Each structure stands twice: as structure tokens, then as C-alpha cells.
Amino acid sequence: MQTLINQLRARLAPNRPLVVAMLLGPVIGAMFAFGTVAAQDATKKVANEITIDNFTFTPKELTVAVGTTVKWVNHDDIPHTVVEKKTSFRSKALDTDDSYSYTFASAGEFDYFCGLHPHMVGKVIVK
Amino acid sequence: MAKKGFEDRGQGLGRREVLECMVWAGTGVLWTVSGGVPHSVGLIGDALAAEPTGFTFLQMSDSHIGFNKPANPDTLGTLREAVAKVKAMPIKPSFIIHTGDITHLSKPAEFDDADKVFGETGVQIHFVPGEHDIIDEERGKAYLERYGKGSKGAGWYSYDDHGIHFIGLVNVVDLKGGGLGNLGAEQLAWLEADLKDKSNSTPIVVFAHIPLQVIYKEWGWGTEDGMQALNLLKRFGSVTVLNGHIHQLAQKVEGNMTFHTALSTAFPQPAPGSAPSPGPMLVPADKLRTVLGLSTVTVVQGNKPLAIVDKTLAG
């Protein structure tokens, strides 16, 4: 639950007063907030999306603000995974058009690779 | 498809047994072991006619059951065709070595479908996993539950047959970012111990999914610590290395070592560097079976050299 709250806090950073209100509310309120966030993400995505085509992560390097959710989408005919070098995050196998999202709650440089084809590498810089 | 050019490499290896590999492009590779150094003997039928007393085994690879994209919408169908070739062989191979990527996504139904078709061969199959066989939620548990009996670690093992020492290695787990295939220290230590009591004249067949030698680093076609394994095998008079993963034939002889990669039964992949990526290669439907295959190996006691024959599903 702590993780969920952190993620919510991170996602809604610009609307902090609203977040605080929600976090102070009952659990049901938090769940409602989460649903709202998901809907917002669906409409504004793409900017923080990393695509996989031809065994390549594009963009290879992505810089985002703390709290950003990054989404990886696999367009290849072959499954890939997204594994952070220190395994702070690891996706399951992504088949064609499957996606994986991860919210970066803290600053840093995150080198990642495909666990099946480790010559595929990329980096997310969180500031 | 027979690969010529490995003849006349006799180096006075005497009575050593050597492996003849008949790669049956499109479905599998039929191997024969005879006494010395690799050479090819022609297509499978010729080879069998020439060496009727040989001990044979078959290599199959990269069946990718569950894959259904345009490069081959029916991988189970082409596997069935490969198995039909095996069933039709005049002399049944003693066993089959499958060099991984049995399934595409490690799903139980994919393993079930593959096992059902493999079962029709009536021949024992020795598996090693490909990276596609260990992408279940528990990263390899599904594979080990089915095929890992008697194996060590992530599924490596060895066995002896007809005086040959067979070693199945796993180089698809715990891969490092930016790297290639990986055997790991634990497996290498096991290999060293496994070989310790073997005499230099014991013929060795070692098989793994990703090529042990680096074929094309840019596409990850090689094994990071593969040379460490090959160094342990250097002292043996006859070493045959069988791999899959790259969905095309590649053969090479270095000293007493012969390297061979098998065709897939599912779909072809491009030659190194010839395409933007190593993804499935789309070929016209009527050409698909010319690029899928099996390899057969016949082992003959005595002084005969090793040979490799490739045969496609279309052949």
C-alpha cells in the first residue's frame, strides 16, 4: 500500500493539495483517485513512451521528471522484456503490442536492457 | 544443402570416433559419428545408404510453438511436418537433441502442444532451454518441471551413449545487460568436474541454445563465457558443438572442434547484419519449407570422419 501511495503522490505532484486530500481520505477514496489517474494517463501518454522496434529501444535515452510513469511498448514479432540493471524493475515478457509501465519515484540514472536479448539496452534519466 | 569442404582434414586421429552430421535443412540435422574429422556426405538418404550400420541421432531446434505471425502462422504444422520426416526415416535415430525455443512464450498450452507432437516420434528427446522457454512468471520453473529431471542448476546435464559423451548446457538465464548468452561460474565449475575423468579420446558432443562461439556480437549471437567452456574441451580429440537460436545454418571447423547451428522448424532469421534486426524473416509461403529443417547425425565406430548433411522440410 505504501508503494501505491508513493506512486499516487508521485503521479499527482502538480496537484498536491488534491492528492493530500485523497490520501487522507478512506481507502475507497484512494482507489477512486487511482482510477482517475489511470484515465488521465491514457489521454496524455506517448510523451513518455519508449517503443521497441527491430530489437531496439527508442528513444534509447529518455529524460523525465521524478514521478513520471514511463511506458514501454513492444512492436516486434518477438517477445522482449525490460529489466533494470540493478533489477529495481523488471517486466514480464511482452509479446507483440504488449506494454509495461513503471513510475520513477526518485531521481537517478536507470540503465535497462532486454532480459532475452541483452544486447538491447536503454537508459532513463530521472531528474 | 550438403556442406562440402570439410574433407581431407584427417590429422592422424587414429581410431577416434568422430561425428558425421547430416543437416537436414528445414527440419532437423541427422548426425553420424565415425572416426576422425568432420566432412559432409550428402543428403540424408545418401548418407544412410552409405552408412547403414551407423548410430544416428537427430537435432531439432527453435520450434517456437505459439508463434503465429506472418513469418509462419502455423508453427505446430511445420513441426508436425518435421516429425513426419523423422517417422519416415528408414533407420530411426537413437534419440533427438532439441536445442531450445521449444515454445514461443513458455505457456503451458504451448509446451503441451509441442510435447504431443514430439511424442509422435517415439524417440527420446534431450532438451536444453532457449530464452523463449523460460519466460513464464517464475522464469524457468515451467521448463524445469517438464524437462529438468536429473539436471543441475537451470537444466544442464550430461550423458553417455555409444561411447560418446553428450553435454547439454544452458546459456539463456541470468543474462547481463549489454552482454551475450551466459553460462555462469556454477555451470562452468560443473562442466570442469564433469569432464575431469574423461579421456582425451572420448568423443564429445556439446549442445546449447545460443551459439557458444560469437557469431555476431551486434545481435547477441554468442556466449559471453563460451570460450571458457571451449577451453575445457580443447584437449579432446573430437568435439562437436551443436547450437540453435539463429535459425540458419552455420558451420565451422577449428582444430578438433566442429561447430554447427541448426535450422528452425518455425521460421528463418536473416544472415548476420543483412537486416535491421534478427527478427523473423518473412519469405513467400511457397518458399518457407526450404528454409526450415532438421539435422541428422550418424555415428559410426571406426576410422570414418564426421559429416554434416542439411535437409529442408521441402526436400
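See the values below:
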item	result
Exceeding the 18 Å Cα-Cα cut-off - candidates B:116/B:141; A:86/B:107; B:85/B:116; A:85/B:176	B:116/B:141; A:86/B:107
Number of partner chain Cβ atoms within 10 Å, mean per residue of A:115-125	5
Shape category assigned to segment B:18-299 from the gyration tensor of Cα positions, a/c cut at 1.5	rounded
Residue-by-residue Karplus 3J(HN,Hα) for segment B:280-286, coefficients 6.51, -1.76, 1.60, Hz, glycine and proline x	x, 9, 7, 10, x, 3, 6
Rounded if a/c under 1.5, otherwise prolate or oblate - segment B:87-159, Cα gyration tensor axes	oblate
Ranking of B:277, A:88 by count of other Cβ atoms within 10 Å, fewest first	A:88, B:277
Residues with amide H under 5 Å from that of residue A:67, placed H, sequence gap 5 or more	A:104, A:105, A:106
Global form of segment A:49-126, assessed from the alpha-carbon gyration tensor, a/c cut-off 1.5	prolate
Kirkwood-Stokes translational diffusion coefficient of segment B:114-197, alpha-carbon pairs, 37 °C, 0.692 mPa s, µm²/s	231
Packing-based exposure ordering (other Cβ within 10 Å, fewest first) of A:125, B:164	A:125, B:164
5 angstrom amide H check on residue B:60, placed H, neighbours 5+ away	B:29, B:97, B:98, B:99
Calculated from backbone phi, Karplus (6.51, -1.76, 1.60) coupling profile of segment B:85-96 in Hz, x at Gly/Pro	4, 5, 4, 7, 5, x, 10, 5, x, 5, 6, 10
Residues whose placed amide H lies under 5 Å from that of residue B:314, excluding near-sequence neighbours	B:290, B:292
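Every number in this text was worked out from the coordinates using simple rules, so none of it is lab data. Every value quoted in this text rests on a predicted model; they were computed, and no experiment measured them. Positions of Cβ are generated from backbone atoms using ideal geometry, with glycine treated the same way; all protein chains shown enter the neighbour counts.
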